[in-house]
1. Please go through (1) crowded, with 16+ Cβ neighbours inside 10 Å; (2) free of Cβ contacts under 8 Å to residues at least 60 places away in the same chain; (3) small (G, A, S); (4) in contact with a strand residue (DSSP E or B) (Cβ under 6 Å, 6 or more places away or on another chain) for G99 and return the number of the only condition it doesn't satisfy.
2. Tally the residues that are without any contact (Cβ under 8 Å) to a residue 12 or more places away in the chain and touching a helix residue (DSSP H, G or I) at 6+ places or on another chain (Cβ under 7 Å), restricting the search to the range 197-224.
3. Residues in the range 125-144: is at least one buried (at least 16 other Cβ atoms within 10 Å of the Cβ), under 21 Å from N215 (Cβ atoms), assigned by TED's automatic domain parsing to the domain that holds L180 and not hydroxyl-bearing (S, T, Y)?
4. List every residue pair whose Cβ atoms sit under 7 Å apart, with the two residues 6 or more apart in sequence or on different chains, where the first one lies in the range 163-186 and is farther than 21 Å from M203 by Cα and the second, anywhere, is assigned to a strand (DSSP E or B) and modelled with pLDDT under 95.
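The values are calculated or read from the model by the stated rules, or taken from the named source; none is laboratory data. These numbers come from a predicted model, not from an experiment. Quick reminder, even Gly has a Cβ in these numbers, built from the backbone with ideal geometry, and neighbours come from all protein chains shown.
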Amino acid sequence: MNAERSEANRIGLVVRAAPGPGILHQLTGVIAKHQGDITSVEIIESGPPDAKVYFEVDVPGQAEELLEELRKLAVVREAAQVNTMQKIYGKRIIIMGGGAQVGQVAIGAISEADRHNIRGERISVDTIPLVGEQALADAVRAVARLPRARVLVLAGSLMGGEIEQAVREVRAQGLLVISLNMAGSVPEAADLVVTDPVQAGVMAVMAVADTAKFNVARLKRRVF
């Protein structure tokens with residue numbers, strides 16, 4: 001990374017434009033012209049009457065010239081700079097599995113996240129109750145594609161088979177996986193196994209909080 005790129009500022013951009021083919025090409029062309037490095041893009045709406053696109057971009061220096069040129073495009077109706085999702089929602093904890101267990105893990109995660117967020121951290125908690133081996137395996141693999149997802153907590157009473165394989169795949173991509181102490185082979189594949197669901201939620205947040213001193217890599221055992 002060169003000196004110019006290392007000093008780049010990450011900004012959020014929301015652009016409202018006329019819908020139609022080639023819109024994204026025009027917008028990204030302007031961003032590239034201003035040496036913007038797009039780190040994330042999401043089409044919020046595809047119209048009609050409008051297309052709305054959200055970008056996160058690393059830009060060298062101020063973004064006003066980039067915004068002005070975007071606004072000059074014939075297809076653009078509005079362009080505004082906003083805070084990035086990292087600033088607003090921060091790191092994401094994903095909890096999935098059986099509804100009752102998911103709810104208990106969420107209690108611990110939300111309570112602990114609140115404690116750290118008050119001190120300036122940004123951690124959000126997402127939950128989805130799911131049943132079925134294939135549905136859970138698909139969902140586990142999809143977590144690796146979610147922006148800002150740092151920890152996956154699997155909350156259930158029995159998980160194995162294809163879910164275990166999916167867990168190994170996402171761990172290889174750098175995702176931390178915490179499992180409740182359940183029947184099946186998933187606990188063998190997880191980074192950490194926690195019996196109490198509330199504690200599992202607390203530990204998930206502590207594992208990613210900059211304001212915590214907890215480090216999974218330094219634990220002498222992985223089952224609690």
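1. Exception for G99: condition (1).
2. Here the count works out to 1.
3. yes
4. Close Cβ pairs (under 7 Å, with a partner that is assigned to a strand (DSSP E or B) and modelled with pLDDT under 95) amount to G184/L158.
Matching residues to (1) part of a strand (DSSP E or B); (2) among the acidic types (D, E):
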{"position": "V30", "(1), (2)": "no, no"}
{"position": "Y54", "(1), (2)": "yes, no"}
{"position": "G61", "(1), (2)": "no, no"}
{"position": "E69", "(1), (2)": "no, yes"}
{"position": "A80", "(1), (2)": "yes, no"}
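Table: residues versus (1) among the basic types (K, R); (2) in contact with a helix residue (DSSP H, G or I) (Cβ under 8 Å, 6 or more places away or on another chain); (3) free of Cβ contacts under 8 Å to residues at least 60 places away in the same chain; (4) over 11 Å from V153 (Cα atoms).
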{"residue": "M85", "(1), (2), (3), (4)": "no, no, no, yes"}
{"residue": "I88", "(1), (2), (3), (4)": "no, no, yes, yes"}
{"residue": "Q104", "(1), (2), (3), (4)": "no, yes, no, yes"}
{"residue": "G108", "(1), (2), (3), (4)": "no, yes, no, yes"}
{"residue": "S111", "(1), (2), (3), (4)": "no, yes, no, yes"}
{"residue": "D114", "(1), (2), (3), (4)": "no, no, yes, yes"}
{"residue": "G120", "(1), (2), (3), (4)": "no, no, no, yes"}
{"residue": "P129", "(1), (2), (3), (4)": "no, yes, yes, yes"}
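Here's the yes/no breakdown for (1) outside any strand (DSSP E or B); (2) more than 19 Å from D138 (Cα to Cα); (3) within 19 Å of the chain's Cα centre (by Cα):
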residue: I163; (1), (2), (3): yes, no, no
residue: V167; (1), (2), (3): yes, no, yes
residue: I178; (1), (2), (3): no, no, yes
residue: Q199; (1), (2), (3): yes, yes, no
residue: M203; (1), (2), (3): yes, yes, yes
residue: M206; (1), (2), (3): yes, yes, yes
residue: D210; (1), (2), (3): yes, yes, yes
